[in-house]
Amino acid sequence: MDLKLPRLPDVLIAVSMLTLALITALGLEAQEQAQQHAHAYDALGYALIALQVAPLAFRQRYPRGVLWASMLFWVIAAGLGYLGSPAMLAIYIALYGVASYLPPRQAIVHIAAATGVLMAWITVGLLATDYVTAWYYLQGALAVVVPVGLGFTDYRRRQRTTAIELDAQRQEQAERTAAADAVRAERARIARELHDVVAHEVTVMTLQAEGARRLAAREDPVLAEALATISDSGRKGLAEMQRMIGVLRTTEREAEDEAAELTGRVRGTGMVGAVLGDDLGPMPSLAAIPDLVQQVEDAGMPVNLTISGTTHVPAGVELSAYRIVQESLTNALKYAGPGAHAEVTLRRRADSVTIDVEDDGRGTISEAAGTSGGHGLAGMRERVAQLGGDIELGPRPGGGFRVHAVLPVTDDQVRTGMARTRTRGNR
């Protein structure tokens with residue numbers, strides 16, 4: 001058998017019990033022992049006291065063995081006629097250990113057997129001596145019931161505590177998994193929307209190359225062939241992107257379904273303005289924000305919208321800005337409470353787009369996000385991180401919730417867009 005070392009608290013209990021029993025035995029007068037027809041304590045008697053108490057050091061490791069070891073040496077000591085000492089309490093501590101650390105069915109078997117031995121020994125004493133009375137049965141029964149009752153109570157308490165801890169761990173793991181799935185779905189959505197942006201530009205490039213090829217077909221065959229290659233490459237690239245987008249949409253939906261299943265939510269119902277299955281609809285942009293705000297107001301929350309600046313914004317940044325406003329207003333509708341107002345401020349500059357969404361509600365978005373995993377907030381962070389921007393979100397002074405995001409617009413993006421506009425204008 002692999003013997004495990006005793007635990008320090010159990011060792012201290014055993015040492016304390018042994019000390020108490022030895023002090024009591026040493027303090028017994030010879031005359032008192034003679035009056036009760038008891039055997040005087042000698043080396044064997046002290047050894048039996050130690051053997052009754054010493055097993056308590058292992059009461060949590062081996063509760064069954066401790067009970068029967070203490071019971072055995074108590075029976076031997078009593079049979080030899082030694083006067084009772086506090087060492088007998090080791091049996092009741094061992095009974096508590098059996099009830100507290102063993103499964104109930106096993107514990108009941110050992111407790112019943114030990115109680116039978118105890119009652120049988122009382123019967124022997126009742127028949128063989130004149131100082132054991134019938135009251136000993138009641139004393140013995142109560143001495144068993146008290147520690148056993150405490151032990152079963154502690155066992156149930158530990159079981160409930162363990163179940164609560166396991167439920168909390170499972171819930172935490174489910175929340176982490178749901179958050180990871182939400183981020184994965186958001187990344188897939190960003191990739192799909194990036195496809196829409198790039199596909200538009202590739203389509204324009206392909207059409208321009210095809211038109212130029214037709215114009216140069218007669219005057220410069222070499223140039224026409226190069227333009228035909230560009231046009232053909234553009235078409236192939238578009239075809240490959242269309243195949244990839246099918247994979248991305250599948251990944252996005254699977255991740256959303258997994259996150260929804262873990263959090264008990266219905267996929268797609270959390271976003272204002274989202275149209276399920278509308279894969280052919282126009283890509284959202286800053287121009288669609290007023291319609292989004294109108295949807296929120298129709299849902300019952302007044303919104304004050306301010307958009308400033310006319311600087312060109314790349315399509316990818318426009319799309320992310322729209323999604324951030326959309327998710328922020330969705331959270332306000334969910335958690336701000338009745339009577340709340342929202343304010344959306346969007347500033348377009350040459351180097352950045354700044355978004356501020358605030359509500360004056362009860363300020364419970366952060367709490368709800370904390371308990372539900374904050375998947376919408378995680379999605380906003382993911383979008384901003386993809387663009388290299390900054391985002392701050394949290395409770396608003398005076399109540400409510402605030403989202404502040406800055407999406408960078410590089411000079412190269414702006415100059416490219418302006419150059420393309422001028423070139424088309426010249427044509």
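The values are calculated or read from the model by the stated rules, or taken from the named source; none is laboratory data. Quantities reported herein were computed from a predicted structural model and do not represent experimental measurements. No Cβ is skipped: glycine too gets one built from the backbone with ideal geometry, and neighbour counts run over all protein chains shown. Just the protein is used for accessible areas: all its heavy atoms, side chains included, with ligands, DNA and RNA removed. Shrake-Rupley method; radii C 1.70, N 1.55, O 1.52, S 1.80 Å.
Can you go through Glu172, Glu186 and tell me which one is among the acidic types (Asp, Glu), crowded, with 18+ Cβ neighbours inside 10 Å and in a helix (DSSP H, G or I)?
Values: Glu172 fails: crowded, with 18+ Cβ neighbours inside 10 Å.
Exactly one of Glu172, Glu186 is among the acidic types (Asp, Glu), crowded, with 18+ Cβ neighbours inside 10 Å and in a helix (DSSP H, G or I), namely Glu186.
Could you tell me whether any residue of the range 84-99 is more than 19 Å from Ala57 (Cβ to Cβ) and modelled with pLDDT under 85? Yes, the range 84-99 contains a residue that is more than 19 Å from Ala57 (Cβ to Cβ) and modelled with pLDDT under 85. Testing Val313 on (1) assigned to a loop (DSSP other than H, G, I, E, B); (2) open to solvent by 40 Å² or more (accessible area, probe 1.4 Å), one condition comes back false. Which one is that? Among (1) assigned to a loop (DSSP other than H, G, I, E, B); (2) open to solvent by 40 Å² or more (accessible area, probe 1.4 Å), Val313 violates only (2). Residues in the range 129-140 that are in a helix (DSSP H, G or I) and more than 17 Å from Ala94 (Cβ to Cβ) were compared, and the one that is most open to solvent (accessible area, probe 1.4 Å) is Trp135.
From Ala94, Ala107, grab the single residue that is in contact with a helix residue (DSSP H, G or I) (Cβ under 9 Å, 6 or more places away or on another chain), part of a helix (DSSP H, G or I) and over 25 Å from Val132 (Cα atoms).
Working: Ala94 fails: over 25 Å from Val132 (Cα atoms).
The conditions single out Ala107.
Residues in the range 322-346 that are without any contact (Cβ under 8 Å) to a residue 60 or more places away in the chain and under 11 Å from Val293 (Cβ atoms): 6 in all. Given the criteria without any contact (Cβ under 8 Å) to a residue 40 or more places away in the chain and either of a type in the set (Lys, Arg) or open to solvent by less than 60 Å² (accessible area, probe 1.4 Å) (or both), does Ala163 qualify? Criteria met by Ala163.
On the basis of being open to solvent by 20 Å² or more (accessible area, probe 1.4 Å), farther than 25 Å from Ala47 by Cα, hydrophobic (A, V, I, L, M, F, W, C) and free of Cβ contacts under 8 Å to residues at least 40 places away in the same chain, does Ala113 make the cut? Full working, then the answer.
Values: open to solvent by 20 Å² or more (accessible area, probe 1.4 Å): yes; farther than 25 Å from Ala47 by Cα: yes; hydrophobic (A, V, I, L, M, F, W, C): yes; free of Cβ contacts under 8 Å to residues at least 40 places away in the same chain: yes.
Yes; evaluated as a whole, the condition is true for this residue.
When Val145 is tested against (1) open to solvent by less than 70 Å² (accessible area, probe 1.4 Å); (2) assigned to a helix (DSSP H, G or I); (3) not basic (Lys, Arg), exactly one condition is not met: (1).
Given the residues Glu225, Glu210, which is the only one that is of a type in the set (Asp, Glu) and either in contact with a Leu (Cβ under 7 Å, 6 or more places away or on another chain) or surrounded by fewer than 16 Cβ atoms within 10 Å (Cβ to Cβ) (or both)? Walk me through how you get there before you give the answer.
Details: Glu210 fails: either in contact with a Leu (Cβ under 7 Å, 6 or more places away or on another chain) or surrounded by fewer than 16 Cβ atoms within 10 Å (Cβ to Cβ) (or both).
Selected residue: Glu225, the only one of Glu225, Glu210 that is of a type in the set (Asp, Glu) and either in contact with a Leu (Cβ under 7 Å, 6 or more places away or on another chain) or surrounded by fewer than 16 Cβ atoms within 10 Å (Cβ to Cβ) (or both).
Quick one: Ala239 ticks every box in (1) open to solvent by less than 60 Å² (accessible area, probe 1.4 Å); (2) in contact with a helix residue (DSSP H, G or I) (Cβ under 9 Å, 6 or more places away or on another chain); (3) at pLDDT 70 or above bar one, so which box is it? Of the numbered conditions (1) open to solvent by less than 60 Å² (accessible area, probe 1.4 Å); (2) in contact with a helix residue (DSSP H, G or I) (Cβ under 9 Å, 6 or more places away or on another chain); (3) at pLDDT 70 or above, the odd one out for Ala239 is (2). Of the residues in the range 52-81, how many are open to solvent by less than 20 Å² (accessible area, probe 1.4 Å) and not aliphatic (A, V, I, L, M)? Selection size over the range 52-81: 3.
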